[in-house]
1. Label points 7 Å out from Cα along the Cβ direction at Tyr72 and Trp276: separation in nm?
2. Taking every pair of distinct Cα atoms and averaging 1/r, then inverting, what Kirkwood hydrodynamic radius in Å comes out for region 2-196?
3. Return the aspartates and glutamates within reach of Lys92: Cα separation strictly under 17 angstrom, same-chain partners fewer than 8 residues apart disregarded; answer none if there are no such residues.
4. Evaluate the relative contact order of region 281-338 (contact order divided by residue number), counting alpha-carbon pairs under 8 angstrom at least 6 apart; express in whole percent.
5. Using just the alpha carbons, could you tell me how many Å³ per residue the convex hull of the chain encloses?
6. Between Asp136 and Lys254, how high is the FRET efficiency from 1/(1 + (r/R0)^6) when r is the Cβ-Cβ distance and R₀ = 35 Å? Nearest 0.05.
7. From the cross-link list Lys114/Lys191; Lys165/Lys369; Lys314/Lys388; Lys46/Lys134; Lys114/Lys165; Lys206/Lys365, which pairs have alpha carbons spaced over 26 Å apart?
8. Gap in Å between the Cα centre of region 225-260 and the Cα centre of region 267-339?
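Coordinate-derived values only; no laboratory data. The shown structure was predicted, so the numbers you read here are calculated from the model rather than taken from an experiment. All Cβ positions, glycine included, derive from the backbone under ideal geometry; neighbour counts span all protein chains shown.
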Amino acid sequence: MKILLLSDDFPPFGQGGAAAVAFNVAKGLLKKGHQVSVVTAVREEKNAGESVYEGIKIFAFQSSYHERWRAYLSLYNPKAVDFVRSILEKEKFDIVHAHNIHQYISYDSLRVTKKTGAKVILTAHDCMLVNYGKVDGQADYKMNPLQQFLSFRLRYNPFRNIIIKHYLKYVDNVAAVSNELKKLLEVNGIKKVEVVHNGVDLNVWKNSGQTNTNPTVLFSGKLTQAKGGAELTRALLEVSKEIKNLTLLIVGQKDSYTESLIASAQGLFNVVITGWTEEKNLPAIYSKAHLAVFPSTCFDTFGMVNIEAMALEKPVIATSFGGAKEIIVDGETGFIINPYDTENFSNKMIELLENPDKAKEMRKKGREKVEQFFTLEKQIEGYEELYK
């Protein structure tokens, strides 16, 4: 089949979780013999145009604007819609598969795409179909318009969610990356959602590195308040009372928030920040850790680090908010915790760091779990079913 992916960000120009997933999907589809092209947005004009990256044809257009206009331009961005239309006029596609389009490509592209006769699939990687940003992990799944207005003020558009549902009429199948996200979407009026879990390439994600001598806890991504930065710091301060030479390995960029967390560590545990790192280098870096943590305080729909770490035979301690509990079997492949419960969070880290036999058993079961349910091949098979 001839397939076009739509994604606001895409390597090598854009990074982020959804961009990485879209990239992996593109590679997986190519491996299955499909023709794959991508439409994406770039911030700089010099990166716009047509290119080929790892066998994937990329059509890129330049787009940037102030965040306050997102609730409007995410619905209809004329520059993006015209660009998508021009690509669809040049080439005919059997499938158009949209990933994140809620910033630059815009939902009106779904309408333009459907008019070509292609089958249209939309994968929801986050809660943006029904909300303006991240959802508090302790909040009710039903989105409250008044609460959205109080939270987002000038960015609030009272017609946004209604218009998005209108555009979904042009979509043949909506996919969610977890059952929990499916529940949240359906509670807010988006029906007939299919679940296709994300997957990893087991040929890439295999433990071939050397674990650090010092006890090392891995966090991958942007360590923010919503990702549990403060909660992780508090728990690590407790762990450092029991575990000497403790290291937090952050695979991500340093910013003012991470600087403040380093300061709050008070030298009681070490912090190593890798900076931006190419995906191909991540398995070797992850392999240095004894365990991985995913302590989001927001509703986190899936968390690729969970299956990446498990594929590398690392036990994972993950949040109870969102889709992580579909991945981790509590007490068998890791632990599910409430990140606000500092005592339990720290105790689970201590348990894994002080009990290598238990950690070893979890490592084995974690890899087996990924092999059974969360491979890239299974993810592609799930999408191919939707493409029929």
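1. Placing both labels 7 Å along Cα→Cβ, they lie 3.0 nm apart.
2. Values: mean 1/r = 0.0587 Å⁻¹.
Mean inverse Cα-Cα distance, inverted, gives 17.0 Å.
3. Qualifying aspartates and glutamates at Cα under 17 Å: Glu50, Asp82.
4. Value for region 281-338: 33 percent.
5. 131
6. So the FRET efficiency works out to roughly 0.85.
7. Details: Lys114/Lys191 19 Å; Lys165/Lys369 35 Å; Lys314/Lys388 37 Å; Lys46/Lys134 31 Å; Lys114/Lys165 15 Å; Lys206/Lys365 14 Å.
Too far apart for the 26 Å limit: Lys165/Lys369; Lys314/Lys388; Lys46/Lys134.
8. Here the two parts' Cα centres lie 13 Å apart.
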